[in-house]
Amino acid sequence: MTIIEQANRLKHLEDIIDSQLEIASRLKNSIADALMNYKADELSVYLKDGNVHVSLAEKLFFKSGSDVVIQKEKLHLNRLPLF
């Protein structure tokens, strides 16, 4: 493989990575927008290693000392966009 071919291949792979990062960023923003009714200390949406992570406080889903999910919060989860 020549240097020009290697450079072209590297450019192609960089373009693929950039595209994937853009898609992940749009997904993160879409999820954050869908969950904007929550307070900052109740949830966070962030990118890590190219993956979108959503962290929710336990108090959003369970009453103190209970292991039963609050029905109202199940409805909020159903509003998340599907990709």
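Read-outs: derived from the displayed coordinates by stated rules, not from any lab. None of the values given here were measured: they were computed from a predicted structure. No Cβ is skipped: glycine too gets one built from the backbone with ideal geometry, and neighbour counts run over all protein chains shown.
A few remarks follow.
- Here the 3J(HN,Hα) profile of region 27-43, calculated from phi with Karplus coefficients 6.51, -1.76 and 1.60 at θ = phi - 60°, is 4, 4, 5, 5, 5, 4, 5, 5, 10, 5, 6, 8, 6, 4, 7, 9, 7 Hz, Gly and Pro shown as x.
- Farthest toward the positive end of the dipole of the chain, out of 34, 52, 2, is the Cα of 34, where the dipole comes from beta carbon charges about the Cα centre.
- Of the peptides 53-59, 1-7, the order by per-residue mean of other Cβ atoms within 10 Å, starting with the highest, comes out as 53-59, 1-7.
- Applying Stokes-Einstein at 25 °C and 0.890 mPa s to the Kirkwood radius of the chain, computed over alpha-carbon pairs, gives a translational diffusion coefficient of 158 µm² s⁻¹.
- Only lysine pairs 8 or more places apart or on separate chains count here, and in region 3-78 those with Cα atoms under 27 Å apart total 18.
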